[in-house]
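Enquirer: Quick one: the structure is below, and I'll ask about it shortly.
The values are calculated or read from the model by the stated rules, or taken from the named source; none is laboratory data. These numbers come from a predicted model, not from an experiment. As a convention, Cβ positions derive from the backbone with ideal geometry for all residues, glycine included, and neighbour counts pool all protein chains shown.
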Amino acid sequence: MSATYFYGTGRRKSAVARVRLYPGTGDIVINDKPLEEYFVREADRIRVRSPLRATSALDQYMIMVKVRGGGVSGQAGAVRHGIARALLVANPDLRPLLRKGGFLTRDPRQKERKKPGLKRARKAPQYTKR
C-alpha cells in the first residue's frame, strides 16, 4: 500500500466511518474484513457501492474503512457518506454528480429522546377508563 490516499469522514445516526481511497483494484475492506463479510445484507452492500457506481469509479480505488458506533444500517450509510466525501477530495469535478445523487448530504435524522411519563419517545402507557 502506498502512502498516497484520499480521506473522507462519513456519519449516519451514531455511526462514524473513516474512509481512505487508495488508487487500486476496487477492493473494499471494512474494519479489516472484506465488504461481503462485514455487510451480510445485499442492500447494505449496494448502499456502500452506490457513490462509486454513480461516478463510474467501481474498480479505480482500493477502499479501507474504519467504522464505529451505531447499527448495521447506520454504519452502511456512514460508509457511503465517507466514500462520497473521499471521492470529492480525489476529484472535485464530481461534486455536481454526487450532489445530484444525494451522497454528500448528511442524513440529519437521529433517535428521538424518551420523554417523561411515556414508555418510549412517543408511546404512551395504555389508557384505562375504569
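Enquirer: Is it the case, given these coordinates, that ARG53 is on the phi < 0 side of the Ramachandran plot and at pLDDT 95 or above?
Expert: No: the conditions fail for ARG53.
Enquirer: Read through the list (1) surrounded by fewer than 17 Cβ atoms within 10 Å (Cβ to Cβ); (2) free of Cβ contacts under 8 Å to residues at least 12 places away in the same chain; (3) not charged (D, E, K, R), then give the number of the only condition that TYR7 fails.
Expert: With respect to (1) surrounded by fewer than 17 Cβ atoms within 10 Å (Cβ to Cβ); (2) free of Cβ contacts under 8 Å to residues at least 12 places away in the same chain; (3) not charged (D, E, K, R), TYR7 is out only on (2).
Enquirer: Here is a further query. Yes or no: SER14 in contact (Cβ under 8 Å) with a residue 40 or more places away in the chain, in contact with a Gly (Cβ under 6 Å, 6 or more places away or on another chain) and surrounded by fewer than 18 Cβ atoms within 10 Å (Cβ to Cβ)?
Expert: When the stated conditions are applied, SER14 passes them.
Enquirer: Given the condition modelled with pLDDT under 95, surrounded by 13 or more Cβ atoms within 10 Å (Cβ to Cβ) and either among the charged types (D, E, K, R) or in contact with a Cys (Cβ under 9 Å, 6 or more places away or on another chain) (or both), answer yes or no: does some residue in the range 24-38 qualify?
Expert: Within the range 24-38, one or more residues are modelled with pLDDT under 95, surrounded by 13 or more Cβ atoms within 10 Å (Cβ to Cβ) and either among the charged types (D, E, K, R) or in contact with a Cys (Cβ under 9 Å, 6 or more places away or on another chain) (or both).
Enquirer: Quick check, is ALA121 under 21 Å from SER14 (Cβ atoms) and in contact with a Pro (Cβ under 7 Å, 6 or more places away or on another chain)?
Expert: So ALA121 does not fit the description; no.
Enquirer: So which residues in the range 1-11 are modelled with pLDDT of 95 or more and more than 20 Å from ASP93 (Cβ to Cβ), if there are any at all?
Expert: Those that are modelled with pLDDT of 95 or more and more than 20 Å from ASP93 (Cβ to Cβ): THR9, GLY10, ARG11.
Enquirer: Just to verify a result, which residue in the range 44-73, among those that are crowded, with 21+ Cβ neighbours inside 10 Å and under 16 Å from GLY102 (Cα atoms), is farthest from the chain's Cα centre (by Cα)?
Expert: THR55
Enquirer: Another question, then. Counting just the residues of the range 81-119 that are among the basic types (Lys, Arg), without any contact (Cβ under 8 Å) to a residue 24 or more places away in the chain and loosely packed, with under 11 Cβ neighbours inside 10 Å, which one comes out nearest to TYR22 (Cα to Cα)?
Expert: Among residues in the range 81-119 that are among the basic types (Lys, Arg), without any contact (Cβ under 8 Å) to a residue 24 or more places away in the chain and loosely packed, with under 11 Cβ neighbours inside 10 Å, the one nearest to TYR22 (Cα to Cα) is LYS100.
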